[in-house]
1. With the requirement that a residue be touching a residue at least 12 places away in the same chain (Cβ under 8 Å) and of a type in the set (Asp, Glu), what does region 10-38 give you?
2. For the list (1) surrounded by 11 or more Cβ atoms within 10 Å (Cβ to Cβ); (2) modelled with pLDDT of 95 or more; (3) closer than 19 Å to ARG69 by Cβ, I need the number of the one condition that ILE2 fails.
3. Considering only residues that are in a loop (DSSP other than H, G, I, E, B) and either of a type outside the set (Lys, Arg) or at positive phi (or both), which ones fall in region 12-42?
4. Mind checking which pairs have a first residue in region 43-63 that is under 13 Å from ASN19 (Cβ atoms) and a second that is part of a loop (DSSP other than H, G, I, E, B) and among the hydroxyl-bearing types (Ser, Thr, Tyr), Cβ under 8 Å, 6 or more apart or different chains?
5. What number of residues in region 43-70 are over 11 Å from ALA12 (Cα atoms) and in a loop (DSSP other than H, G, I, E, B)?
6. I need the full set of residues from region 44-61 which are surrounded by 15 or more Cβ atoms within 10 Å (Cβ to Cβ) and more than 9 Å from the chain's Cα centre (by Cα), in order please.
7. Using the structure shown, decide if SER7 is without any contact (Cβ under 8 Å) to a residue 60 or more places away in the chain, of a type in the set (Gly, Ala, Ser) and either part of a helix (DSSP H, G or I) or crowded, with 16+ Cβ neighbours inside 10 Å (or both).
8. Does SER41 meet the test of being surrounded by fewer than 17 Cβ atoms within 10 Å (Cβ to Cβ), modelled with pLDDT of 95 or more and of a type in the set (Ser, Thr, Tyr)?
Amino acid sequence: MITDQFSTVVPAYGRDYKNKKDAIDAFNSGKDFLLQRMLQSQALSKRDFAPGCTVNIRYNKLTKIAVVRIKD
(Lines give C-alpha, C1' and ligand atoms only; values in the text may rest on other atoms or scores of the structure.)
Protein backbone atom coordinates (compact mmCIF):
# COMPACT_ATOMS: atom_id res chain seq x y z
CA MET A 1 0.00 0.00 0.00
CA ILE A 2 1.39 3.39 -1.03
CA THR A 3 1.02 5.88 1.81
CA ASP A 4 3.09 8.78 0.42
CA GLN A 5 1.14 12.01 0.70
CA PHE A 6 1.97 12.99 -2.91
CA SER A 7 2.83 10.59 -5.74
CA THR A 8 3.21 10.99 -9.49
CA VAL A 9 2.10 8.28 -11.90
CA VAL A 10 2.21 7.85 -15.68
CA PRO A 11 0.13 5.50 -17.85
CA ALA A 12 1.66 2.01 -18.18
CA TYR A 13 2.23 -0.07 -21.33
CA GLY A 14 2.70 2.93 -23.64
CA ARG A 15 -0.80 4.31 -23.09
CA ASP A 16 -1.46 8.03 -23.12
CA TYR A 17 -4.55 10.17 -22.64
CA LYS A 18 -5.34 13.33 -24.55
CA ASN A 19 -7.43 14.96 -21.82
CA LYS A 20 -7.84 15.11 -18.06
CA LYS A 21 -11.19 13.29 -17.99
CA ASP A 22 -9.83 10.25 -19.84
CA ALA A 23 -6.77 10.06 -17.56
CA ILE A 24 -8.85 10.25 -14.37
CA ASP A 25 -11.43 7.77 -15.70
CA ALA A 26 -8.67 5.26 -16.52
CA PHE A 27 -7.12 5.67 -13.07
CA ASN A 28 -10.47 5.30 -11.30
CA SER A 29 -11.37 2.22 -13.35
CA GLY A 30 -8.23 0.44 -12.10
CA LYS A 31 -5.98 0.59 -15.17
CA ASP A 32 -2.25 0.16 -14.48
CA PHE A 33 0.03 3.16 -14.08
CA LEU A 34 3.72 3.48 -13.25
CA LEU A 35 4.74 5.15 -10.02
CA GLN A 36 7.67 7.45 -10.77
CA ARG A 37 10.35 7.60 -8.07
CA MET A 38 14.07 8.32 -8.06
CA LEU A 39 15.86 5.54 -9.96
CA GLN A 40 12.84 3.21 -10.06
CA SER A 41 9.32 2.77 -11.31
CA GLN A 42 6.61 0.40 -10.14
CA ALA A 43 3.38 -0.76 -11.82
CA LEU A 44 0.27 -0.15 -9.72
CA SER A 45 -3.33 1.03 -9.82
CA LYS A 46 -5.73 3.07 -7.67
CA ARG A 47 -6.26 0.18 -5.23
CA ASP A 48 -2.56 0.37 -4.24
CA PHE A 49 -2.95 3.84 -2.68
CA ALA A 50 -4.11 4.47 0.88
CA PRO A 51 -7.11 6.76 1.47
CA GLY A 52 -6.04 10.37 1.84
CA CYS A 53 -3.18 10.19 -0.68
CA THR A 54 -2.97 12.73 -3.48
CA VAL A 55 -1.93 11.34 -6.87
CA ASN A 56 -0.64 13.41 -9.79
CA ILE A 57 -1.48 11.72 -13.10
CA ARG A 58 0.70 12.80 -16.03
CA TYR A 59 -0.97 12.70 -19.45
CA ASN A 60 -0.88 14.22 -22.95
CA LYS A 61 2.71 13.10 -23.67
CA LEU A 62 3.54 13.81 -20.00
CA THR A 63 3.00 17.55 -20.49
CA LYS A 64 -0.08 17.95 -18.25
CA ILE A 65 -1.06 16.82 -14.75
CA ALA A 66 -4.42 15.80 -13.28
CA VAL A 67 -4.62 15.73 -9.49
CA VAL A 68 -6.71 13.01 -7.79
CA ARG A 69 -7.37 12.60 -4.06
CA ILE A 70 -7.94 8.99 -2.98
CA LYS A 71 -11.12 8.84 -0.91
CA ASP A 72 -11.60 5.11 -0.36
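The values are calculated or read from the model by the stated rules, or taken from the named source; none is laboratory data. Quick caveat: nothing in here was measured; it's all calculated off a predicted structure. Here the Cβ is made from the backbone with ideal geometry for all residues, glycine too, and neighbour counts use every protein chain on show.
1. ASP16, ASP22, ASP32
2. Condition not satisfied by ILE2: (2).
3. Within region 12-42, ALA12, TYR13, GLY14, ASP16, TYR17, ASN19, SER29, GLY30, ASP32, MET38, LEU39 qualify.
4. TYR59/TYR17; ASN60/TYR17
5. 9
6. Those that are surrounded by 15 or more Cβ atoms within 10 Å (Cβ to Cβ) and more than 9 Å from the chain's Cα centre (by Cα): ASP48, PHE49, CYS53, TYR59, ASN60.
7. Yes: the conditions hold for SER7.
8. no
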